[in-house]
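Everything on this sheet refers to the single structure shown next.
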Amino acid sequence: MTEERHDVVLTVNGTAHPVRVPGRRLLSDALRHDLGLTGTHVGCEHGVCGACTVLVDGRPVRSCLMFAVSAQDSEITTVEGLTGSDGSLGPVQQAFLECHGLQCGFCTPGFLTTITAGLRDNPSPTHEEARDMVAGNLCRCTGYQNIVKAVERAAELARDGAPRVHPADPPEPESGQLAYEERDDDNASTGLGG
Amino acid sequence: MKPAPFAYRRPGSLADAVAALAGDAGAKVLAGGQSLVPLLSMRLAAPSMLVDINAIPGLDTITADDIGVTVGALARHADVLASDDVRRVQPLVPMALSRVAHATIRNRGTTVGSLVHADAAAEMPVVLTLLGGSLEVVGPSGSRTVPAHELYVGPLECCLHHDEIAVSAFFPALAPGAGVAFDEIARRHGDYALVGAAALVDGDSVKVGYLSVADVPTVVDLSGVPDDRLGDVALEHLDPADDVHATADYRAQLVRVLTARVVRSAREGTR
Ligand SMILES: Cc1cc2nc3c(=O)[nH]c(=O)nc-3n(C[C@H](O)[C@H](O)[C@H](O)COP(=O)(O)OP(=O)(O)OC[C@H]3O[C@@H](n4cnc5c(N)ncnc54)[C@H](O)[C@@H]3O)c2cc1C
Ligand code: FES
Ligand code: FES
């Protein structure tokens, strides 16, 4: 028995992609395997970890809990879509770079999309609001402190319209400027995530 | 794991959706998918057809008036939670919704889907039952109103027929002079609660609804019970169980603590 396939057009990061997929194709798998957009990561595949989070019509949604066929009427933004057309980093990406907001990077795409939407809705979060913004995403490396710092730094960058940094051209380490030298005691960690 | 194969239909009208369901005894409704897709991916469910109701116009409405709050089948938890009108008319709805999963899940999950899914660990079925609300349901032979007290028949089981679609839920307004409160204890922020309790106090009437301590959402009438006996009397109607998350004894203790807490805070909040 051959499985029925559906012709749908997925609009991802402003580009329309026609795909032919079975009904059961998860949006996360369609992005990664059919479109080759492997920036979206898959951890738990049942909605808990947040690694697969993408923006669907601007709102953070678990792409592992949506079928590709259900996404045909929506605009999807993946982590690839957060970068400028010249490859420069978006404010949230730049803040993660500056604040050392990632280690292995597996969880990072989900955090970046979630925070991008979070700061659009609340451009000046308090510390508590910054923590709450990332409460639905799991990270097994960082211990979260630097991710929360990155939320606050990204808010600053987005407000100030600070110049973007090209990923191939990271900022020169200047003494006293590296975020990891400013780590709090509560984050003088061994890398064991909380 | 990945879901087993299924036929996928995305009807543009309620009538077509009902017809698709009626034509396949193994068909299931797909709303927000936040409960169904994990079940499919873990292969705990394998329906022959999914009828995706997300393209049906007019189902995402949220209205609130003096009588109560009506939430359409495609209204997402996040939109119901954000509505000032809902908060004004029935504050228990947002109090409980803020404890349903994480914001990202609430962006896609529907409140009506949660009511139909009938998880005894879920917040909204208890709220609907406590308030005496109802579901509006459409099937091949027309529509009917199902009162909350008839809705829940067993664990993860509500009384809807397989070819019926819930089109909206109705939560009665908070009466003048009445008060409500909600609280729960979960292992982690956003997790399903170990125990949760919702209180409705109106004059001498005191009712408390419980999640996670019975097979179905359970409301206990505690009117006239002395304050120091509230939790113990409630426990006579509940069945806290052991599982990997908590012991039955611990759950019983949470019932005592939460009952006292929500009744007190509902009284303080009377208006
Ligand atoms: C990580 C995670 C944490 C969660 N935590 C919580 C929590 O703490 N509390 C909580 O209450 N929920 C929680 N949920 C579940 C969430 O609230 C779901 O959104 C909700 O239970 C189901 O709504 P849905 O629209 O996603 O329904 P779906 O998943 O699409 O459907 C669920 C079931 O209801 C049926 N159904 C749905 N809508 C209709 C309709 N209109 N008519 C007829 N049948 C219908 C479907 O056929 C299916 O059987 C969590 C989910 C995840 C992934
Ligand atoms: S992979 Fe989707 S939430 Fe974990
Ligand atoms: S950086 Fe490794 S999981 Fe978050």
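The values are calculated or read from the model by the stated rules, or taken from the named source; none is laboratory data. Everything numeric in this text was worked out from a predicted model, so none of it was measured. Backbone-built Cβ (ideal geometry, glycine too); neighbour counts: all protein chains shown. For the accessible areas, the whole protein counts, side chains as well, though only heavy atoms, and no ligand, DNA or RNA atoms are used. Shrake-Rupley method; radii C 1.70, N 1.55, O 1.52, S 1.80 Å.
Here are the numbers:
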{"quantity": "Pair list, Cβ < 6 Å and 6+ apart or interchain, from region B:109-128 residues that are within 14 Å of chain A (Cβ to nearest Cβ) to residues that are within 16 Å of ligand 2 (Cβ to nearest atom)", "calculated": "B:Gly109/B:Gly32; B:Gly109/B:Gln34; B:Thr110/B:Gly32; B:Gly113/B:Gly32; B:His117/B:Ser35"}
{"quantity": "Matching option when the condition is modelled with pLDDT under 95 and away from ligand 3 (no atom under 16 Å from the Cβ), among A:Asp57, A:Asp7, A:Asp73, A:Asp29", "calculated": "A:Asp73"}
{"quantity": "Qualifying positions in region A:76-87 - more than 16 Å from ligand 3 (Cβ to nearest atom), open to solvent by 10 Å² or more (accessible area, probe 1.4 Å) and away from chain B (no Cβ under 14 Å)", "calculated": "A:Glu80, A:Gly81, A:Leu82, A:Thr83, A:Gly84, A:Ser85, A:Asp86, A:Gly87"}
{"quantity": "Some residue of region B:184-193 being within 16 Å of ligand 2 (Cβ to nearest atom), more than 15 Å from the chain's Cα centre (by Cα) and among the basic types (Lys, Arg)", "calculated": "yes"}
{"quantity": "Matching residues in region A:13-41 - criterion: being open to solvent by 40 Å² or more (accessible area, probe 1.4 Å) and free of Cβ contacts under 8 Å to residues at least 60 places away in the same chain", "calculated": "A:Thr15, A:Ala16, A:His17, A:Pro18, A:Arg20, A:Arg24, A:Arg25, A:Arg32, A:His33, A:Asp34, A:Gly36, A:Thr38"}
{"quantity": "Hey, B:Asp242 free of Cβ contacts under 8 Å to residues at least 40 places away in the same chain and either β-branched (Val, Ile, Thr) or surrounded by fewer than 20 Cβ atoms within 10 Å (Cβ to Cβ) (or both) or not", "calculated": "yes"}
{"quantity": "Qualifying position, being under 23 Å from A:Val134 (Cα atoms), open to solvent by 20 Å² or more (accessible area, probe 1.4 Å) and within 14 Å of chain B (Cβ to nearest Cβ), among A:His6, A:His46", "calculated": "A:His46"}
{"quantity": "Residue check, A:Gly110 in a loop (DSSP other than H, G, I, E, B) and open to solvent by less than 30 Å² (accessible area, probe 1.4 Å)", "calculated": "no"}
{"quantity": "Subset tally (residues that are open to solvent by 40 Å² or more (accessible area, probe 1.4 Å) and closer than 21 Å to B:Leu200 by Cβ) for region B:118-144", "calculated": "1"}
{"quantity": "Some residue of region B:172-183 being within 14 Å of ligand 1 (Cβ to nearest atom), of a type in the set (A, V, I, L, M, F, W, C), assigned by TED's automatic domain parsing to the domain that holds B:His102 and surrounded by 23 or more Cβ atoms within 10 Å (Cβ to Cβ)", "calculated": "no"}
{"quantity": "Residue under evaluation A:Val69, criteria (1) open to solvent by 40 Å² or more (accessible area, probe 1.4 Å); (2) within 11 Å of another protein chain (Cβ to nearest Cβ); (3) farther than 17 Å from B:Arg76 by Cβ, criterion not met", "calculated": "(1)"}
{"quantity": "Candidate set from region A:95-107 (those that are open to solvent by less than 10 Å² (accessible area, probe 1.4 Å) and of a type outside the set (Phe, Trp, Tyr)); member that is farthest from ligand 2 (Cβ to nearest atom)", "calculated": "A:Ala95"}
{"quantity": "Answer from A:Phe106, A:Phe96 - the residue that is over 14 Å from A:Lys149 (Cβ atoms), more than 16 Å from ligand 1 (Cβ to nearest atom) and not assigned by TED's automatic domain parsing to the domain that holds A:Leu27", "calculated": "A:Phe106"}
{"quantity": "Residue match in region A:93-116 (condition: away from ligand 3 (no atom under 16 Å from the Cβ), of a type in the set (A, V, I, L, M) and either closer than 18 Å to B:Ala103 by Cβ or at pLDDT below 95 (or both))", "calculated": "no"}
{"quantity": "Which listed residue is more than 8 Å from ligand 1 (Cβ to nearest atom) and either over 15 Å from the mean Cα position of the chain (by Cα) or more than 22 Å from A:Thr114 (Cβ to Cβ) (or both), from B:Val116, B:Val127, B:Val112, B:Val80", "calculated": "B:Val127"}
{"quantity": "Qualifying residue in region B:213-220 (condition: touching a helix residue (DSSP H, G or I) at 6+ places or on another chain (Cβ under 7 Å) and in a loop (DSSP other than H, G, I, E, B))", "calculated": "yes"}
{"quantity": "Restricting region B:54-68 to residues that are within 23 Å of A:Val69 (Cα to Cα) and buried (at least 18 other Cβ atoms within 10 Å of the Cβ), the residue that is farthest from the other protein chains (Cβ to nearest Cβ)", "calculated": "B:Leu59"}
